[in-house]
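To keep things clear, I will list the structure first and then write my remarks on it.
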Amino acid sequence: GDSVTQMEGPVTLSEEAFLTINCTYTATGYPSLFWYVQYPGEGLQLLLKATKADDKGSNKGFEATYRKETTSFHLEKGSVQVSDSAVYFCAPHGYGQNFVFGPGTRLSVLP
Amino acid sequence: DVKVTQSSRYLVKRTGEKVFLECVQDMDHENMFWYRQDPGLGLRLIYFSYDVKMKEKGDIPEGYSVSREKKERFSLILESASTNQTSMYLCASSSGSSYNSPLHFGNGTRLTVT
């Protein structure tokens with residue numbers, strides 16, 4: 001079945017550092033790709049998505065590009081803030097399939 | 001904005017009790033889901049529903065059942081709670097059949113079974 005691999009962390013960065021969270025997936029067909037974020041004490045919320053190869057999703061300074069050839073969707077941000085501390089989930093979603101979630105990557109940003 | 005509301009943020013129940021977790025969404029979404037979230041395991045799908053009175057098993061349905069009598073409401077039932085069902089439970093909804101549609105989550109119910 002479909003699956004996703006991402007670093008579990010925790011990832012600890014200083015404020016204004018560059019962030020990369022790697023995500024690779026296996027899926028049948030041509031999935032849409034999503035990043036979700038979970039702030040402390042809350043449910044998950046959509047951060048960004050991309051629906052076809054070479055599309056770039058972006059939101060709140062975060063970006064991720066759909067790389068079909070490497071089946072990857074790495075999340076990046078040029079300058080993280082303390083308020084970005086959260087757990088980040090990569091989730092492919094294929095046609096006729098349910099979302100697949102990895103274990104999430106916990107990010108801690110220190111002032 | 002879509003709002004998915006879970007009736008309780010925290011619940012403490014005893015082993016063997018019947019437990020009801022309620023979820024309501026206000027955007028007329030066809031699809032509703034129940035997940036549990038455990039450290040190191042991510043989100044695992046328990047049950048889902050694509051329409052009223054329809055239900056499908058997810059990856060870990062054992063020990064759970066669901067009810068969807070109205071489009072906006074999706075209930076998760078633990079018939080006889082056990083300690084290994086202590087977890088965070090997340091309800092989600094989405095619209096239509098497009099796989100481009102994102103999931104919208106509630107804030108979760110943290111259930112402790114003692």
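The values are calculated or read from the model by the stated rules, or taken from the named source; none is laboratory data. Since the model is a prediction, treat every value here as computed from it, not as a measurement. Cβ atoms come from the backbone with ideal geometry, glycine included; neighbour counts cover every protein chain shown. For the accessible areas, the whole protein counts, side chains as well, though only heavy atoms, and no ligand, DNA or RNA atoms are used. Shrake-Rupley method; radii C 1.70, N 1.55, O 1.52, S 1.80 Å.
If I ask for residues that are within 11 Å of the chain's Cα centre (by Cα) and under 14 Å from residue B:24 (Cα atoms), which ones from the stretch B:69-88 would you list?
Once the filter is applied, which keeps residues that are within 11 Å of the chain's Cα centre (by Cα) and under 14 Å from residue B:24 (Cα atoms), the stretch B:69-88 yields B:73, B:74, B:75, B:76.
Please specify each residue of the stretch B:55-105 satisfying the condition of being β-branched (Val, Ile, Thr) and open to solvent by 50 Å² or more (accessible area, probe 1.4 Å).
Residues satisfying the conditions are B:83, B:86.
Inside the stretch A:58-67, can you point out the residues that are under 19 Å from residue A:5 (Cβ atoms) and either touching a residue at least 24 places away in the same chain (Cβ under 8 Å) or touching a strand residue (DSSP E or B) at 6+ places or on another chain (Cβ under 6 Å) (or both)?
A:64, A:65, A:66
Which condition number does residue A:4 fail, the rest of (1) modelled with pLDDT under 95; (2) more than 30 Å from residue B:5 (Cβ to Cβ); (3) assigned to a strand (DSSP E or B) being met?
Of everything listed in (1) modelled with pLDDT under 95; (2) more than 30 Å from residue B:5 (Cβ to Cβ); (3) assigned to a strand (DSSP E or B), residue A:4 misses just condition (2).
Is it fair to say residue A:102 is under 26 Å from residue B:31 (Cβ atoms), within 13 Å of chain B (Cβ to nearest Cβ), open to solvent by 30 Å² or more (accessible area, probe 1.4 Å) and not in a strand (DSSP E or B)?
Judged against the criteria, residue A:102 is not a match.
When you scan the stretch B:26-52, how many residues do you find that are within 11 Å of residue B:71 (Cα to Cα), touching a Phe, Trp or Tyr at 6+ places or on another chain (Cβ under 8 Å) and open to solvent by less than 20 Å² (accessible area, probe 1.4 Å)?
Of the residues in the stretch B:26-52, 3 are within 11 Å of residue B:71 (Cα to Cα), touching a Phe, Trp or Tyr at 6+ places or on another chain (Cβ under 8 Å) and open to solvent by less than 20 Å² (accessible area, probe 1.4 Å).
Any residue at all in the stretch B:61-76 that's within 14 Å of chain A (Cβ to nearest Cβ) and either at positive phi or not hydroxyl-bearing (Ser, Thr, Tyr) (or both)?
yes
Report yes if residue A:24 is of a type in the set (Val, Ile, Thr), within 14 Å of chain B (Cβ to nearest Cβ) and surrounded by fewer than 20 Cβ atoms within 10 Å (Cβ to Cβ), otherwise no.
no
All but one of (1) open to solvent by 20 Å² or more (accessible area, probe 1.4 Å); (2) in contact with an Asp or Glu (Cβ under 8 Å, 6 or more places away or on another chain); (3) within 11 Å of chain A (Cβ to nearest Cβ) hold for residue B:108, so report the exception by its number.
(1)
Sort through A:96, A:29, A:61, A:57 and tell me the only one that's open to solvent by less than 30 Å² (accessible area, probe 1.4 Å) and of a type outside the set (D, E, K, R).
Result of the check over A:96, A:29, A:61, A:57: A:57.
Show the residue pairs that are 6+ apart or on different chains and have beta-carbon atoms under 7 Å apart, the first residue being within the stretch B:82-104 and more than 13 Å from every other protein chain (Cβ to nearest Cβ), the second being in a loop (DSSP other than H, G, I, E, B) and at pLDDT 95 or above.
Taking only residues 6 or more apart or on different chains, the pairs are B:82/B:15; B:82/B:63; B:83/B:15; B:85/B:63.
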